[in-house]
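The values are calculated or read from the model by the stated rules, or taken from the named source; none is laboratory data. Quick caveat, the model's predicted, so the values are computed rather than measured. With ideal geometry, Cβ positions are generated from the backbone for all residues, glycine too; neighbour counts draw on all protein chains shown. The accessibility values were calculated without ligands, DNA or RNA, using every heavy atom of the protein model including side chains. Shrake-Rupley method; radii C 1.70, N 1.55, O 1.52, S 1.80 Å.
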Amino acid sequence: MVEGNGARSEGVWGAELGLGYQVTAGGFSLRPIGGVLVYQGDNERYFTDTFNNGQTRCRDRTNGQFADDRLCDDTALKPYGKLEASYTVAGSLELGGGGRYDGGAVRPYGLVSFPIAPRFRVHGNVGEEFFALGLRGAF
């Protein structure tokens, strides 16, 4: 299965992209998931300078020199792991819970989802310092 979510974790907004495996029996499901949270990091050393002619360049705050443009891209990645257990009521509404680990602590959360196509579901997760809303596809 794959998931793509808009998420907020520990005060940071980003996008979760994950891969997992789903085991289902009699309406019950268990999903181990691993992925990465893509978010705007905080690198204050480099900044984008815009000149009078409209051109932009990356610069180093410590010495004012030009720097490689990729240093001004503050995109950051934080890996995570999740384990979810749920029950699907009559093939539609899914309710359950899980735990998410991203290097700090395991944070429990609740989950709810509903189908929008045969193999795709809209799902939401809500827990302490974590919530996400997105799509999950089973293959």
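Averaging over every viewing direction, what projected area does the convex hull of the Cα atoms of the chain cover, in nm²?
10.8 nm²
Rounded to two decimal places and with Rh computed the Kirkwood way over Cα pairs, what is Rg over Rh for segment 1-80?
Ratio value, two decimals: 1.25.
Would you please name the GluC sites (Glu not before Pro) within segment 1-91 that are DSSP coil residues with at most 15 other C-beta atoms within 10 Å of their C-beta?
10, 44
Which whole-number value in Å² is the accessible area per residue of the chain, probe 1.4 Å?
Details: 8240 Å² over 139 residues.
Ligands and nucleic acids excluded, the figure is 59 Å² per residue.
So what's the gap between the Cα centers of segment 81-139 and segment 1-73, to the nearest angstrom?
21 Å
Taking the Cβ of residue 43 as the centre, find all other residues whose Cβ is under 12 Å away and add up their charges (Lys, Arg: +1; Asp, Glu: -1).
On the way: positive: 45, 61, 70; negative: 42, 44, 60, 73, 74.
Around residue 43, the charge tally is -2.
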